[in-house]
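K.L.:
Below is a structure I'd like to ask you about.
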Amino acid sequence: DLHTMDEEDTVFGNKDKKRMQKQEVDEFGRDIGGALEQGRASRQQVRNDKRKNLFNNDTYREKEGFWTDDEEELGSQYDQRQNQLLQDVKRIFSDAEEDHKSLHAIKNSLELLKKRYPQAYADTYISLSVPSLFAPYVKVQLVHWNFLKNPKLEAMEWYKTVAEYGLFGDIKDDDHDLDVIPKIVEKVVTPFLID
């Protein structure tokens, strides 16, 4: 590319070396180096003119996407909608009974059931339903999550709560309670991030 070669010559000082070289002539006796030098100078002038216009012309800035008034308006609209959403989320479990208001309450109820009636817990496949029972509470917490600023799931409250679920007594390798977090990530967190 001629523009790139021109800038490279200017920066690294290759012009002086080229001038010292023997003058090249085409089959008609014309100086090839002189024509190249004229073309180089005119291209440099065009680049300089474009740079001046870029910073001096307001309509050019607007046209090229340097205008920021629209971005500020969109940012304030986003903030308003986000605040409204967070207020609505706070009201989701406001009318629920105490033993169903939080993830801790559900977790404690299920663990108590597993401790008192381990055979019934296993026979009724409750452990397979646990990710679905925890899902609404996890979704509420995900609404507050800014995954670009804090991408670690381990720092979230639901993760800390669920990480300890069912880890007492005799734990078998085929216990489905060991797969609660991977199932929640698969069924709740991943669709949340994709949508």
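Readers should treat all values here as calculations from the given coordinates under stated rules, not as data from a laboratory. Here the structure is a predicted model, which means the values were calculated and not measured. Every residue, glycine as well, gets a Cβ built from its backbone with ideal geometry; the counts of neighbours run over all protein chains shown.
K.L.:
In region 81-163, what is the count of Lys pairs whose alpha carbons are under 16 Å apart, counting only pairs at least 8 residues apart or on separate chains?
P.N.:
The number of close lysine pairs in region 81-163 is 9.
K.L.:
Would you mind computing, in nm to one decimal, how far apart the modelled labels at Ala135 and Ser94 are, each placed 7 Å from Cα along Cα→Cβ?
P.N.:
If labels sit at Ala135 and Ser94, their model points lie 2.6 nm apart.
K.L.:
Express in nm, to one decimal, how much length is gained between Val46 and Ser102 on full extension, taking 0.36 nm for each residue of separation and deducting their alpha carbon distance.
P.N.:
Details: separation 56, 0.36 × 56 = 20.16 nm, distance 6.65 nm.
Gain on stretching Val46 to Ser102: 13.5 nm.
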